[in-house]
1. Restricting the search to the stretch 89-112, which residues are modelled with pLDDT under 75 and either in a helix (DSSP H, G or I) or more than 25 Å from residue 244 (Cβ to Cβ) (or both)?
2. Mind telling me which of the residues 33, 46 ends up being modelled with pLDDT of 80 or more and surrounded by fewer than 17 Cβ atoms within 10 Å (Cβ to Cβ)?
3. Please determine whether any residue of the stretch 229-237 is in a helix (DSSP H, G or I), touching a helix residue (DSSP H, G or I) at 6+ places or on another chain (Cβ under 6 Å) and over 23 Å from residue 78 (Cβ atoms).
4. Looking only at the stretch 1-15, filter to residues that are within 19 Å of the chain's Cα centre (by Cα) and at pLDDT below 85; which one of those is surrounded by the most Cβ atoms within 10 Å (Cβ to Cβ)?
5. Would you tally the residues in the stretch 184-211 being outside any helix (DSSP H, G or I) and either closer than 13 Å to residue 9 by Cβ or without any contact (Cβ under 8 Å) to a residue 12 or more places away in the chain (or both)?
6. Checking the conditions here, which among 84, 49, 55, 92 is under 17 Å from the mean Cα position of the chain (by Cα) and within 30 Å of residue 248 (Cα to Cα)?
């Protein structure tokens, strides 16, 4: 039996991370559907989702055969590096050092690119549309698969992590069906900031578990790690913003 209270952090991390990736994939799929037609766009999306589901079914059980310490050590290190990469970009965006991700601009750029391929010759089999949808869903979905497997397997919570990712997919699909436009109002940088903190905290915890660290409070120490990474990240935002302002002042 899964303790859903115990599994809530893993479910939340998988949900938020998957939400960000699926929102980015939706932008491209909407552009494909609008310009090239919905049948090939959905065909490419379905093929990619089926491939990703097979990856989860194949890799998840395979990892359970590896000794838990090795899984926690390897997955913890990868998850920590993955989370820090997200967190670094989120800090720089929050500080104004790099531009915020704009889904409407991404949609416009993808639409222009698709139009440049010319008219649709066969609406029943548009290779450009199918390939474009398949590629973006696979690209963003692979990161989702990694997060689900990493968060779920290392903590023995593959089902809750999968539920979190599935819930994110359902939310994005429903919003896409209702709105038929990019989800530009989603606070993507705030989500990436939160996901970066969560993944870095989980990665540190499982990396410690893998090398035999006796965490105070056992699993509850994850909350302490989350608080620590959050404080460090907020400090990084202030420092980066101050450096940017100083550089602009010197340029003037």
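The values are calculated or read from the model by the stated rules, or taken from the named source; none is laboratory data. Just so it is clear, the structure is predicted and the values come from calculations on it, not from any experiment. With ideal geometry, Cβ positions are generated from the backbone for all residues, glycine too; neighbour counts draw on all protein chains shown.
1. Taking the stretch 89-112 first, the residues modelled with pLDDT under 75 are 100-103.
Within the stretch 89-112, just 103 meets the criteria.
2. Working: 33 fails: surrounded by fewer than 17 Cβ atoms within 10 Å (Cβ to Cβ).
Testing whether each residue is modelled with pLDDT of 80 or more and surrounded by fewer than 17 Cβ atoms within 10 Å (Cβ to Cβ) leaves just 46.
3. Taking the stretch 229-237 and keeping what is in a helix (DSSP H, G or I), we get 229-237.
Checking which are touching a helix residue (DSSP H, G or I) at 6+ places or on another chain (Cβ under 6 Å) leaves us with 229-230, 233, 236-237.
From what's left, over 23 Å from residue 78 (Cβ atoms): 237.
So far as the stretch 229-237 goes, yes, one or more of its residues are in a helix (DSSP H, G or I), touching a helix residue (DSSP H, G or I) at 6+ places or on another chain (Cβ under 6 Å) and over 23 Å from residue 78 (Cβ atoms).
4. Restricting attention to the stretch 1-15, the residues satisfying the condition of being within 19 Å of the chain's Cα centre (by Cα) are 7-15.
Checking which are at pLDDT below 85 leaves us with 7-14.
Details: 7: 21, 8: 13, 9: 21, 10: 27, 11: 22, 12: 17, 13: 29, 14: 32.
Restricting to residues being within 19 Å of the chain's Cα centre (by Cα) and at pLDDT below 85, the top hit is 14.
5. Step one: of the stretch 184-211, the residues outside any helix (DSSP H, G or I) are 184-187, 211.
Those still in the list that are either closer than 13 Å to residue 9 by Cβ or without any contact (Cβ under 8 Å) to a residue 12 or more places away in the chain (or both) too: 185, 187.
Looking only at that region, the number is 2.
6. Details: 49 fails: within 30 Å of residue 248 (Cα to Cα); 55 fails: within 30 Å of residue 248 (Cα to Cα); 92 fails: under 17 Å from the mean Cα position of the chain (by Cα).
From the options 84, 49, 55, 92, the qualifying one is 84.
Table: residues versus (1) at pLDDT 85 or above; (2) surrounded by 14 or more Cβ atoms within 10 Å (Cβ to Cβ); (3) touching a helix residue (DSSP H, G or I) at 6+ places or on another chain (Cβ under 8 Å).
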{"site": "180", "(1), (2), (3)": "no, no, yes"}
{"site": "183", "(1), (2), (3)": "no, yes, yes"}
{"site": "196", "(1), (2), (3)": "yes, yes, yes"}
{"site": "201", "(1), (2), (3)": "yes, yes, yes"}
{"site": "208", "(1), (2), (3)": "yes, yes, yes"}
{"site": "218", "(1), (2), (3)": "no, no, no"}
